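Visitor: Below are the structure tokens for one structure; questions will follow.
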Amino acid sequence: MRNKMKSFITNTLSDFFFEYETPRQVLVRNRRVAVVCRLIQLGVLAYIIGWVFIYEKGYQSSDTAVGSVLTKMKGVGYTNVTGEERIWDVADYVFPVQGDSSFVVMTNYIMTKGQKIEKCSELLLHVGKAISLVSFLRVFVPLHPTPPQGHMTGKCLVNTTKMCEVLAWCPVEDDGSIPDPALLMSAENFTLFIKNTINFPAYGVTRCNLVEGIDNQYIKSCLYDPKTAPLCPIFRLGDLVQMSGFNFAAIAKVGGAIGIIIDWTCNLDHDQSDCKPIYSFHGLYGNPDEADTARASVGYNFRYAKHYMEDKQEKRTLLKVFGIRFDIIVRSVARKFDIIPTLTAIGSGVGIFGVATVVCDLILLYLLPKREFYNNMKFKVTETMEKVSLHQTVA
Amino acid sequence: MRNKMKSFITNTLSDFFFEYETPRQVLVRNRRVAVVCRLIQLGVLAYIIGWVFIYEKGYQSSDTAVGSVLTKMKGVGYTNVTGEERIWDVADYVFPVQGDSSFVVMTNYIMTKGQKIEKCSELLLHVGKAISLVSFLRVFVPLHPTPPQGHMTGKCLVNTTKMCEVLAWCPVEDDGSIPDPALLMSAENFTLFIKNTINFPAYGVTRCNLVEGIDNQYIKSCLYDPKTAPLCPIFRLGDLVQMSGFNFAAIAKVGGAIGIIIDWTCNLDHDQSDCKPIYSFHGLYGNPDEADTARASVGYNFRYAKHYMEDKQEKRTLLKVFGIRFDIIVRSVARKFDIIPTLTAIGSGVGIFGVATVVCDLILLYLLPKREFYNNMKFKVTETMEKVSLHQTVA
Amino acid sequence: MRNKMKSFITNTLSDFFFEYETPRQVLVRNRRVAVVCRLIQLGVLAYIIGWVFIYEKGYQSSDTAVGSVLTKMKGVGYTNVTGEERIWDVADYVFPVQGDSSFVVMTNYIMTKGQKIEKCSELLLHVGKAISLVSFLRVFVPLHPTPPQGHMTGKCLVNTTKMCEVLAWCPVEDDGSIPDPALLMSAENFTLFIKNTINFPAYGVTRCNLVEGIDNQYIKSCLYDPKTAPLCPIFRLGDLVQMSGFNFAAIAKVGGAIGIIIDWTCNLDHDQSDCKPIYSFHGLYGNPDEADTARASVGYNFRYAKHYMEDKQEKRTLLKVFGIRFDIIVRSVARKFDIIPTLTAIGSGVGIFGVATVVCDLILLYLLPKREFYNNMKFKVTETMEKVSLHQTVA
């Protein structure tokens, strides 16, 4: 009994290993159909090899990086507003100071000195009477179209200027007219140094934008230029603005935002040192071209206060800062040979290959005049059970 | 010789182009097996067309965006703490000031004025005697459970209050009781303006949350509402808090964090202008529902100091700021028709299609009573080499 | 007519449902070819089941998370510079104060007190005469290798020290020698608390790094340790620096950057509570190992100013801050069973399976001595149209 079992298993195994199935096929000698079929098959082959493998590199898997960006500005600005000379260095014109990947360089400002909290009259807006009427209405109308400059005390000096009294940081800021040209036009010559490290966790590869050949000596003297120095990580602000399609004078006046894109597209099947960053620049907001009057919110500004104590009283210097905001955006994709996408591409390619035969069969079996003949060649029909037994009886 | 070669190649080529192979098949006329097979095939077809193509849009490739976010708060707060009126404007209550995608709006604070560096006694904590004992022990025990408030001088005033002397910013902050209700409850009416630009590099598409129809005029008067104004980029703080499932009074008191998610799910096979942001809001930390006493770290606060000089001495005003932290998170995915996923889906679909036949063959060849008969129909056996030669000899 | 149509459709439908095609196959009984074929097929099967499904979990789809990070430092620093004792608390040594995912902890500084804007002489650099010559040349040479410290007035004190006069924040900072050892070496004992919430939108799963079992009680006493407390979210700065491969004394002196990576790799087919963060640490910049003299830009520093008013004049205290920058980087991937990748893997697997037969057929039909015989077994040739008609006529 046991022997029988054993010999059965041995037989099955030897059958399994010593024979294999291969489909029986009809070689159809029909020029028109064959040409159609071959052309489809060649197309599929060209698609798989040319497009999927060579062009789209379908034999590779891909991964994006995690990274870290560090920036440092250099340069000193000088302003001379009505005889008052001022110096602006990095600690004064960069927000935030610590060198983040997103920061603002001040290019223009409206300074309101010596503000303290007290009751004063609202600022008479520049449109004149029309607005002073609005101010007048405010006391009665709860919905203010303009944000108020302080906390309404309820008193309104109707008989004199028709303005209301507010508890506010007085004197209130007068931002009716923006200095033109921008006060810190010298920002055009400031330089920005970018340090960017990325890591592709899936491949264990770490790269820094100070690639091979970018040493201390080179960095001391270089300046980014898309053609002559595309790997120099030091950028002149004026160049950045120009490469983003802005006009420096215009953006310096009202502010704007620029995206600095560091593009890492790495083919890790090649040498790591070929994995180099490509810098590109584009305007994010405040682009004067797209700033048709219908679209909203031109420029970029924010308010910033320096507090101090004078005569035992808290005061502040309020700065309405107009500036260029830089967002450093790291885009990264690394690709490397991987067996799974390769075999998936081949496997699904084989599947599509089969579609060619299906299409030609449709032509052969349904469209050709001799379809009956081909049908008989291709198909062999098992009679239904009943008929078969009948046949066998007859035989 | 050369002619022969030539004619050989011509023949092979003409053979290749003028004939094609198509598998010979058995048409099995067996109702039960056929129905099983057809149902499987229909299922596969329904899955490929219905699920992969229509529901999951498997004919599209996808890409995520890189983007940039800019924010601007508006509103003025007013506090009246023991008769001292104060005004809080944007420069005072937003951290950081420059309008980042992650920022904090102060809603409550503990202010400690006029701190200077000197030696003073540690603060008697509110638990009273139990803690003053701890302070007493600190001198001898190196591991402090509570972080100390300054640098221990080594002197401990054992005979009087049992507290130790520290070199610290004195007077030390007393954060034992948090103002309740929050001092800046008026923050509820502040508004937040969000500007978000995204770029799908793979498709060269740039979109801004100020989409078509959201012009300067509209922005001036609109306020976000999930139903009536889902595209207005101006949000009332009270609404944001409520939509995140918080109670404003509670979160304003101890602080918390809210995620504002801007969801861009774009089908770029349609018109670009259909690619619109969807805003959603959810609590990140400090959610009072999940703040069972066992879970850690309720609320959100940080310390912030304003330094000044008084009588030639450096002093500071320390603020323990309780606030709502907003993290603006951009989620994006764009999809567009692409030939590779389409053909991969079709190709692997053809593969799965083949599985139907394999399943039915298993039934046909192993389970049916007439399996011998079907076996003979389907398979034609080549005898092993030896036998074959034998047969041939016999013949 | 209508009946005919109806019966035609019924017949076609019943044909379609009650019969199915299965390919006719040759069972090739040839040991060598069969073994090759079977081994290829077994290899494909092992690859699909073992590699794609079990190892790479090809039956799962994957998604990355969006998240939010919140940090809080604790600890008090103490410095004693030439008899002047100072206390540094969180509001003084963390930039920015509000607990972002990227922040700097000051460890060393060069403080320049009492700067005001006036005209003064440039600082004599430490290289002495060589540099004073450079200063002299500056007036004539427009390209400055070193950034100037202020706005040149044009006057140069040639006869005395050969330095030029600048309008600047005077006295100008003397950053020639960095304090060694670092002034805030006590930063080693500061602690960092990290709170991180992530959300996998595709699966609707939200996780926080305060996972199950990490309660208030535990957090109060725990300290991260890779072996004994890998889930404690409180980190000692000295440990962080050491685990990143730095030497604390060295990095504290000149500054550096450390990446704290929170890795969420979650298999959501298991219980959510198994989805736990793994912390890892690595140096981003300023790694002394890679800082060979040829590579650029060692250390990390920035300038920061505290403004104040003294005798009606604006003054500032300038700090050149050397510090450790921490970037908290969240890496996340969640995987969950999904029908589409499963069926795509199976489908393309079936395709690759077919390749085995193709390879063996090539051997069988082109390489074996008996290839003619097998050719006849496998292929049945339809004569070209002309010949066929001829045959038929003959018959």
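The values are calculated or read from the model by the stated rules, or taken from the named source; none is laboratory data. Here the structure is a predicted model, which is why all the values come from computation and not from measurement. Positions of Cβ are backbone-derived with ideal geometry, glycine not excepted, and every protein chain shown enters the neighbour counts. These area figures cover heavy atoms from the full protein model, side chains too; ligands, DNA and RNA do not enter into them. Shrake-Rupley method; radii C 1.70, N 1.55, O 1.52, S 1.80 Å.
Visitor: Can you list the copy-to-copy distances for C:Phe16, using a point 7 angstrom from Cα toward Cβ, in nanometres, shortest first?
Guide: 3.8, 3.8
Visitor: Using only protein heavy atoms and a 1.4 Å probe, how much accessible area in total is buried between B and C, to the nearest 100 Å²?
Guide: Accessible area lost upon association: around 6900 Å².
Visitor: Any idea of the accessible area per residue across the range C:153-265, 1.4 Å probe, to the nearest Å²?
Guide: 41
Visitor: I would also like to ask the following. Note down the magnitude of the dipole of the range B:1-54 about its Cα centre, charges +1 on Lys and Arg C-beta and -1 on Asp and Glu C-beta and zero elsewhere, to the nearest 20 debye.
Guide: Here the size comes out at about 220 debye.
Visitor: How big is D for the range C:68-116, in µm² s⁻¹ as a whole number, if Stokes-Einstein is applied with the Kirkwood radius of its Cα pairs at 37 °C and 0.692 mPa s? Could the numbers behind the result be given before it?
Guide: On the way: Rh = 12.5 Å.
Once the numbers are plugged in, D ends up at 263 µm²/s.
Visitor: By a straight-distance test (C-alpha under 19 Å), which aspartates and glutamates pair with C:Lys155 as possible cross-link partners, with residues fewer than eight away in the same chain excluded?
Guide: A:Glu85, C:Glu118, C:Glu122, C:Glu165
Visitor: Cα atoms only: what Rg and Dmax, in Å, come out for the range C:302-368?
Guide: Over the range C:302-368's Cα set, Rg and Dmax evaluate to 34.6, 105 Å.
Visitor: Once label points are set 7 Å from the Cα along Cα→Cβ at both C:Arg2 and A:Ala229, what is their separation, rounded to one decimal in nm?
Guide: 8.8
Visitor: Post the alpha-carbon centroid distance, the range A:178-198 to the range C:1-37, in whole angstrom.
Guide: Distance between centres, Cα-based: 75 Å.
Visitor: Under 5 Å between amide H atoms, partner at least 5 residues away or on a different chain: which partners does A:Gln25 have, H built in plane at 1.01 Å?
Guide: Here the answer is B:Arg24, C:Phe379, C:Lys380, since their amide H atoms fall under 5 Å of that of A:Gln25.
Visitor: From Cα coordinates alone, what are the radius of gyration and Dmax values for the range A:147-279 in angstrom?
Guide: 24.5, 81
Visitor: Using only the alpha-carbon atoms, what does the range A:1-49 span along each of its principal axes? Please give whole angstrom values in decreasing order.
Guide: The Cα atoms of the range A:1-49 stretch 60, 28, 11 Å along the principal axes, largest first.
Visitor: In addition: Relative to the isolated chain, which residues of the range A:5-22 have their accessible area cut by 20 Å² or more in the presence of all protein chains (1.4 Å probe, heavy atoms, no ligands or nucleic acids)?
Guide: In the range A:5-22, residues shielded by partner chains: A:Phe16, A:Phe17, A:Phe18, A:Glu19, A:Tyr20, A:Glu21, A:Thr22.
Visitor: Near A:Lys4, which lysines are there with a Cα under 27 Å away, not counting those fewer than 8 places off in the same chain?
Guide: B:Lys370, B:Lys387
Visitor: Computed over the Cα atoms of the range C:1-121, what is the convex hull's projected area averaged over all directions, in nm²?
Guide: That works out to 28.1 nm², a quarter of the Cα hull's surface.
Visitor: In Å, what Kirkwood hydrodynamic radius results for the range A:218-280 from the alpha-carbon pair distances?
Guide: 13.5
Visitor: Per residue, how big is the convex hull around the C-alpha atoms of the range B:158-217? Give it to me in cubic angstrom, could you? Provide the component values of the computation, followed by the final result.
Guide: Details: hull volume 15.0 nm³, N = 60.
Roughly 249 Å³ of hull volume per residue.
Visitor: With the full set of protein chains in place, find how many percent of the accessible area of the range A:196-347 is carbon and sulfur; take the probe as 1.4 Å.
Guide: Answer for the range A:196-347: carbon and sulfur cover 50 percent of the accessible area.
Visitor: Distance cut-off 20 Å, Cα to Cα: go down the list C:Lys253/C:Lys320; A:Lys74/B:Lys195; B:Lys253/B:Lys320 and report the pairs above it.
Guide: On the way: C:Lys253/C:Lys320 12 Å; A:Lys74/B:Lys195 29 Å; B:Lys253/B:Lys320 12 Å.
Pairs exceeding the cut-off: A:Lys74/B:Lys195.
Visitor: Pop out the ³J(HN,Hα) list for the range A:18-26 in order, Karplus 6.51 cos²θ - 1.76 cosθ + 1.60 with θ = phi - 60°, rounded to Hz; leave Gly and Pro as x.
Guide: 9, 9, 9, 9, 9, x, 7, 10, 9
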